[in-house]
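To start, the structure itself, in structure tokens.
The values are calculated or read from the model by the stated rules, or taken from the named source; none is laboratory data. Here the structure is a predicted model, which means the values were calculated and not measured. Ideal geometry is used to build each Cβ from the backbone, glycine not excepted, and the neighbour counts take in all protein chains shown. Just the protein is used for accessible areas: all its heavy atoms, side chains included, with ligands, DNA and RNA removed. Shrake-Rupley method; radii C 1.70, N 1.55, O 1.52, S 1.80 Å.
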Amino acid sequence: MRAFATVVLIMLILGLETSCDETGVALYDTGRGLLAHALFSQVDIHVEYGGVVPELASRDHVRKALPLLRQVLDDAGCSPQDLDGIAYTAGPGLVGALMVGATLAQSLAWAWGIPALGVHHMEGHLLAPMLEEERPEFPFVALLVSGGHTQLVRVDGIGEYRLLGESLDDAAGEAFDKAAKMLGLPYPGGPHIARLAESGDPGRFDFPRPMINRPGLDFSFSGLKTFTLNTVNDCRRDSGLTQQDKCDIARAFEEAVVATLVIKCRRALEQEGLPTLVIAGGVSANRNLRGRLQTALAKIGARVFYPAPEFCTDNGAMIAYAGAQRLHAGQQDTPTATVRPRWPMEELPPLAAVREVC
Amino acid sequence: MTSILAIDTSTEACSVALYRDGEVSACYEVVPRRHNQHLLAMLQNLLPRGSLASSGVEAVAYGSGPGSFTGLRIAASAVQGLCFAAALPALPISTLACQTYTAQRLGLVYEGDLVLSTLDAHIGELYWALYEVGRERLQELTVAAAARPADLVLPGTRKMVAIGSGLRYLDAFSVAVQSRFAAQHGELLPAARDLLPPALMALREGKVQAAEDVCPVYVRDEISWKKLSEQGPQR
Ligand SMILES: Nc1ncnc2c1ncn2[C@@H]1O[C@H](COP(=O)(O)OP(=O)(O)O)[C@@H](O)[C@H]1O
Ligand SMILES: [Mg+2]
């Protein structure tokens, strides 16, 4: 088997993402790269509830997955016979939503006689910058900032992760969403806050930068949330919450989150002695964050890499990519594989160890 | 030669069955909350070669609902995958009808009987539908619905056999409803092999679905989740 390890085998992998409120399907070819991807976002379904309703999310994945699959096969000009494996998001995420993608992937794989593999959603996010032309090289520090996670991770290779710090309460994206709700903005709030912040006066409010004076690489955003709510209430009491108030609060809030993230990222790179940062997850789409990181890291001779905007939030391409790396190394599901709504990323096997076994 | 694969995961039971020219092979296990881990192993058991089309399977029947939402989606997603991959049609069958065939196979109901088929819908409700057992097929007298036990009202005056897990609410049924029951079988659960008789008829009559159209019949479509306008002020 060892001799085979040097043979470069090209694989075409289908990726399915259904962990939350987007249905994503993609085809990744280990030789040619990403061939096609399609996404259906359920935002419009959940917006009137002010957050994701798990049952509605699961129901919609059932309706959307196959039409999207047909679409990517058509777009890529591939036939099912060309496929070498199927990667699906096995966790973390909403259990009912994960179950839809997992069951579909496993039954397709069984019927086509190809392997399936459950992929870790955050590993997908973390590797999404690898879909770009200019890719970061291992080892690097990754900042994962999404609706459910805020983590700093040291990455020495695929599956070689060490958690450096994480949020002790709300995730950064969650904080964006909650602040948006306080300002009467629709779900998901991140992009709306960012838009208002552009017209906000940075000098009007000064929000606390949580945890920056404490050593270590953990985050906390719940204090910021309370501060935001108090500011909203103060404005409301004084003269009613005007549009300019909203813009100024959005600006101050974004500044505080971005400043905190930038300081911790820089600290993490210095602590680990690494020159490369990767940011991924929904919040990494934030332009202010990208700009500020770039400037701050340039000062210490470090570089930041991020995914294309469409691959910052949930998508099938990152799952196809992550799955392709592991399937290519020989990893695949056991017959009783199941979804993992909670799944610490550090439990993932290093790719090197997978190759040893296979 | 006719061959149909059948899947039901609508209750705590997970079951699959294969019909081949009058012969039925089946697997049935009660595995609450672990259906997804058992389903593929069961399919592998019935069809060791994995390939549906070359094993002669012409269609895949599934218990479409009502039942546990997650369970219904497991069957639907599996059937989508199988039918898409093997280019086969799907046959949606009511789980309440399936359970009535189960009762018939077990000799609990006979031709001419009126049957109240129920499933526990949890959160204090049940799913129900009324059937008459005909010579060839079941006649559906009411469409599947969800009800609180105390609100259940049965049409007509005839006595009937009540079946299924919804009978755990028996004491909460009105006296009028309880007095209609000639017999009760609350321990029953639907089994995939009993999807086969109605599935064979559906296939013959061309009542098939494309893989993309495979979708659970939830019956309960309203969601107990408050919209923003109903949530009150943000804290
Ligand atoms: N431009 C942006 N600025 C800040 N936050 C953003 C922006 N775009 C998206 N987000 C946030 O990203 C999150 C969604 O990212 P995603 O990776 O899909 O998260 P998850 O998978 O954890 O739900 C939401 O909380 C959203 O508010
Ligand atoms: Mg995500």
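Tabulated data
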| item | result |
| --- | --- |
| In region A:33-51, the residues that are in contact with a Leu (Cβ under 9 Å, 6 or more places away or on another chain) and more than 10 Å from chain B (Cβ to nearest Cβ) | A:GLY33, A:LEU34, A:LEU35, A:ALA36, A:HIS37, A:ALA38, A:LEU39, A:PHE40, A:GLN42, A:ILE45 |
| Unique residue being in contact with an Asp or Glu (Cβ under 9 Å, 6 or more places away or on another chain), over 30 Å from B:GLN37 (Cβ atoms) and within 16 Å of ligand 1 (Cβ to nearest atom) when the list is A:SER167, A:SER146 | A:SER167 |
| In region A:96-115, the residues that are open to solvent by 10 Å² or more (accessible area, probe 1.4 Å) and either outside any helix (DSSP H, G or I) or more than 8 Å from chain B (Cβ to nearest Cβ) (or both) | A:GLY113, A:ILE114, A:PRO115 |
| All helices (runs of 4 or more DSSP H) inside region B:7-116 with 3 or more residues being surrounded by fewer than 16 Cβ atoms within 10 Å (Cβ to Cβ) | B:35-46 |
| Given (1) without any contact (Cβ under 8 Å) to a residue 24 or more places away in the chain; (2) open to solvent by less than 30 Å² (accessible area, probe 1.4 Å); (3) more than 20 Å from B:THR11 (Cβ to Cβ), number of the condition B:GLN139 does not satisfy | (2) |
| Residue check for A:GLN325: under 25 Å from A:VAL283 (Cβ atoms), in a helix (DSSP H, G or I) and in contact (Cβ under 8 Å) with a residue 40 or more places away in the chain | yes |
| Qualifying positions in region A:301-317 - surrounded by fewer than 24 Cβ atoms within 10 Å (Cβ to Cβ) and part of a helix (DSSP H, G or I) | A:PRO309, A:GLU310 |
| Pair list, Cβ under 6 Å, 6 or more apart: region A:116-137 residue within 14 Å of chain B (Cβ to nearest Cβ), other residue among the small types (Gly, Ala, Ser) and within 16 Å of ligand 1 (Cβ to nearest atom) | A:GLY118/A:ALA90 |
| Output for region A:116-139, where each listed residue is within 16 Å of ligand 1 (Cβ to nearest atom) and either closer than 20 Å to A:ALA171 by Cα or open to solvent by 10 Å² or more (accessible area, probe 1.4 Å) (or both) | A:HIS120, A:HIS121, A:MET122, A:GLU123, A:GLY124, A:HIS125, A:LEU126, A:LEU127, A:ALA128, A:LEU131 |
| Top-ranked residue in region A:43-82 [being within 16 Å of ligand 2 (Cβ to nearest atom) and under 18 Å from B:GLU212 (Cα atoms); ranked as surrounded by the fewest Cβ atoms within 10 Å (Cβ to Cβ)] | A:ALA57 |
| Conditions (1) touching a His at 6+ places or on another chain (Cβ under 9 Å); (2) at pLDDT below 95; number of the one not met by A:GLY50 | (1) |
| Verdict on A:SER58 being over 22 Å from B:LEU40 (Cα atoms) and within 13 Å of another protein chain (Cβ to nearest Cβ) | no |
| Which listed residue is touching a residue at least 40 places away in the same chain (Cβ under 8 Å), over 30 Å from A:ALA65 (Cα atoms) and in contact with a strand residue (DSSP E or B) (Cβ under 9 Å, 6 or more places away or on another chain), from A:LEU274, A:LEU297 | A:LEU274 |
| Counted residues, region B:77-89 - those being closer than 16 Å to A:VAL100 by Cβ and more than 7 Å from every other protein chain (Cβ to nearest Cβ) | 2 |
| Test result for A:LEU152, more than 11 Å from chain B (Cβ to nearest Cβ), assigned to a helix (DSSP H, G or I) and either in contact with a helix residue (DSSP H, G or I) (Cβ under 7 Å, 6 or more places away or on another chain) or more than 12 Å from ligand 1 (Cβ to nearest atom) (or both) | no |
| Residues of region A:42-61 classified as touching a strand residue (DSSP E or B) at 6+ places or on another chain (Cβ under 8 Å) and under 23 Å from A:LEU108 (Cα atoms), total | 2 |
| Residue check, A:GLU254 surrounded by fewer than 19 Cβ atoms within 10 Å (Cβ to Cβ), among the acidic types (Asp, Glu) and farther than 30 Å from A:ALA36 by Cα | no |
| Candidates A:ALA298, A:ALA320, filtered to the one that is open to solvent by 60 Å² or more (accessible area, probe 1.4 Å), of a type in the set (Gly, Ala, Ser) and at pLDDT 95 or above | A:ALA298 |
| Test: residue in region A:283-297 that is more than 29 Å from A:ASP206 (Cα to Cα), away from ligand 2 (no atom under 16 Å from the Cβ), part of a helix (DSSP H, G or I) and out of contact with any Gly (no Cβ under 9 Å at 6 or more places or on another chain) | no |
| Conditions (1) open to solvent by 30 Å² or more (accessible area, probe 1.4 Å); (2) within 16 Å of ligand 2 (Cβ to nearest atom); (3) touching a strand residue (DSSP E or B) at 6+ places or on another chain (Cβ under 6 Å); number of the one not met by A:SER19 | (1) |
| Residue among A:THR276, A:THR260, A:THR226 that is open to solvent by less than 60 Å² (accessible area, probe 1.4 Å) and away from ligand 1 (no atom under 16 Å from the Cβ) | A:THR276 |
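A quick yes/no check of all residues on (1) of a type in the set (Gly, Ala, Ser); (2) assigned to a helix (DSSP H, G or I); (3) away from every other protein chain (no Cβ under 14 Å); (4) surrounded by fewer than 16 Cβ atoms within 10 Å (Cβ to Cβ):
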position: B:PRO155; (1), (2), (3), (4): no, no, yes, yes
position: B:ARG158; (1), (2), (3), (4): no, no, yes, yes
position: B:GLY166; (1), (2), (3), (4): yes, yes, yes, no
position: B:TYR169; (1), (2), (3), (4): no, yes, yes, no
position: B:LEU189; (1), (2), (3), (4): no, no, yes, no
position: B:LYS207; (1), (2), (3), (4): no, no, yes, yes
position: B:VAL217; (1), (2), (3), (4): no, no, no, no
position: B:GLU222; (1), (2), (3), (4): no, no, no, yes
position: B:LYS226; (1), (2), (3), (4): no, no, no, yes
